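Accompanying notes for the structure given below.
The values are calculated or read from the model by the stated rules, or taken from the named source; none is laboratory data. As the structure is a prediction and not an experimental result, all values here were calculated from the model. Quick reminder, even Gly has a Cβ in these numbers, built from the backbone with ideal geometry, and neighbours come from all protein chains shown. Protein only, heavy atoms only, side chains kept; ligands, DNA and RNA dropped before computing areas. Shrake-Rupley method; radii C 1.70, N 1.55, O 1.52, S 1.80 Å.
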Amino acid sequence: MGAVENAMVNKEDRIPGEVKEMLKSIASKWEDVVDANGLQIIPLKGAMTNKVFQIKWPTKTEDGSHRVLVRIYGDGVDVFFDRDDEIKTFEFMSKQGQGPRLLGRFSNGRIEEFIHARTLSACDLRDPDISALIAAKLKEFHGLKMPGSEDVFLWTRLRNWLKTAKSKCPSEKAEALCLDAIEGEISLLEKDLSGDQRIGFCHNDLQYGNIMIDEETKSITIIDYEYSSYNPIAFDIANHFCEMAADYHSDTPHLMDYSRYPGLEERQRFVRVYLSSSGDQVSDAEVKQLLDDVEKYTLASHLFWGLWGIISECVNEIDFDYMEYARQRFEQYRLRKPALLSSLRV
């Protein structure tokens, strides 16, 4: 999950020496930098997979500065995704003008271009104007033709994560979360949802911290592609809707408030903008069909992040109550399942 700025300065000891040398080398190529050694390091708060830092150098122009982003990969999080695939995706996106440029790589992280845009906050997702921009950008994102396989990866990933969760989760916690029942739930979902549907290149983690907006141009940039893969587009939209229940910058960042899940009118507006953003005429029936699919895929989102939470509790040292987060996602799955799965309806 993404990162949002919260300035805490001069924590240089948290950046490895080899990375500082790389940063100084990058800065030395910029003629307007006053001193390549005079870097300021600002940890960015809100990341739950990596440690992220903004790096600044003062420039000769008044109030000016050069900035880059340093991303240090979290220990153990490679169980979630293939890091080489993620780097290939990052480089491809960069060439497509979809995100920041890659400025350097080191053993456990990378240096990225700093995007001069504002990272969204939780309340931004509910702003109708911003939501419409996100919908249009997401449609563009889903249409990207990525190199490699275009097979749906959702079900494989869920089963892989379940296997990892079972191997890492203490037995009493696994029992409390009914982890042994999840394999059957994954199979049930796959059977119920794998009909005729639109497949696209999905972000799979479209929370507010992974979306940036340029306030002047009103352009949206989607960042952080660790979890990206080909999937049903309804899953990506469903995941985005679920993220409206989260505020990772509150005093209790692990608590989801499902009263904030978007209402029908809000969901309709998003889906209509999404479908019509490329200039196509969209019927009410198309909007309804995608909305119905999206609602069903919220169930897959709950399992996805529930399993992620269990594994994260075991591999991640970031201060976040991952296990309670997982419990909430599984609870929401059980609450919503009877109303959403056609196989359960009489």
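Counting only residues that are in contact with an Asp or Glu (Cβ under 9 Å, 6 or more places away or on another chain), part of a helix (DSSP H, G or I) and either farther than 19 Å from Leu341 by Cα or free of Cβ contacts under 8 Å to residues at least 24 places away in the same chain (or both), segment 203-251 holds 4 of them. Just to be sure before I move on: is Leu275 under 16 Å from Lys139 (Cα atoms), touching a helix residue (DSSP H, G or I) at 6+ places or on another chain (Cβ under 8 Å) and touching a residue at least 40 places away in the same chain (Cβ under 8 Å) in the structure I sent? In short, yes.
Listed here are the residues, each with its yes/no results for (1) touching a strand residue (DSSP E or B) at 6+ places or on another chain (Cβ under 6 Å); (2) basic (Lys, Arg); (3) open to solvent by 10 Å² or more (accessible area, probe 1.4 Å).
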| position | (1), (2), (3) |
| --- | --- |
| Arg14 | no, yes, yes |
| Ser28 | no, no, yes |
| Glu31 | no, no, yes |
| Val52 | yes, no, no |
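Pairs linking a residue in segment 335-346 that is closer than 13 Å to Asp292 by Cα to a residue that is of a type in the set (A, V, I, L, M) and modelled with pLDDT under 95, with Cβ atoms under 9 Å and 6 or more positions apart or on different chains, are Leu341/Leu193. The residues of segment 294-327 that are polar (S, T, N, Q), more than 23 Å from Asp192 (Cβ to Cβ) and surrounded by 22 or more Cβ atoms within 10 Å (Cβ to Cβ) amount to a single one, Ser312.
The residue of segment 151-202 that is modelled with the lowest pLDDT, among those that are surrounded by 14 or more Cβ atoms within 10 Å (Cβ to Cβ) and part of a loop (DSSP other than H, G, I, E, B), is Gln197.
The set of residues in segment 248-272 being under 21 Å from Arg329 (Cβ atoms) and either among the hydroxyl-bearing types (Ser, Thr, Tyr) or open to solvent by 50 Å² or more (accessible area, probe 1.4 Å) (or both) consists of Tyr248, His249, Ser250, Asp251, Thr252, Leu255, Asp257, Tyr258, Ser259, Arg260, Tyr261. Taking each residue of segment 13-32 that is within 10 Å of Phe106 (Cβ to Cβ) and looking for partners that are among the polar types (S, T, N, Q) and open to solvent by less than 70 Å² (accessible area, probe 1.4 Å) with beta-carbon atoms closer than 9 Å, six or more apart or interchain, yields Pro16/Asn108. The residue of segment 94-147 that is surrounded by the fewest Cβ atoms within 10 Å (Cβ to Cβ), among those that are free of Cβ contacts under 8 Å to residues at least 12 places away in the same chain and part of a loop (DSSP other than H, G, I, E, B), is Gly97. Scanning segment 40-81 for residues that are under 15 Å from the mean Cα position of the chain (by Cα), at pLDDT below 80 and among the aliphatic types (A, V, I, L, M) gives Ala47, Met48, Val77. Tell me which residues, restricted to segment 252-282, are of a type outside the set (A, V, I, L, M) and in a loop (DSSP other than H, G, I, E, B). Within segment 252-282, Thr252, Pro253, His254, Asp257, Tyr261, Pro262, Gly263, Ser277, Ser278, Gly279, Asp280, Gln281 meet the criteria. In this entry, Leu291 passes the filter for residues that are among the aliphatic types (A, V, I, L, M), part of a helix (DSSP H, G or I) and open to solvent by less than 70 Å² (accessible area, probe 1.4 Å). All conditions in (1) out of contact with any Leu (no Cβ under 7 Å at 6 or more places or on another chain); (2) surrounded by fewer than 16 Cβ atoms within 10 Å (Cβ to Cβ) hold for Glu286, with the sole exception of (1).
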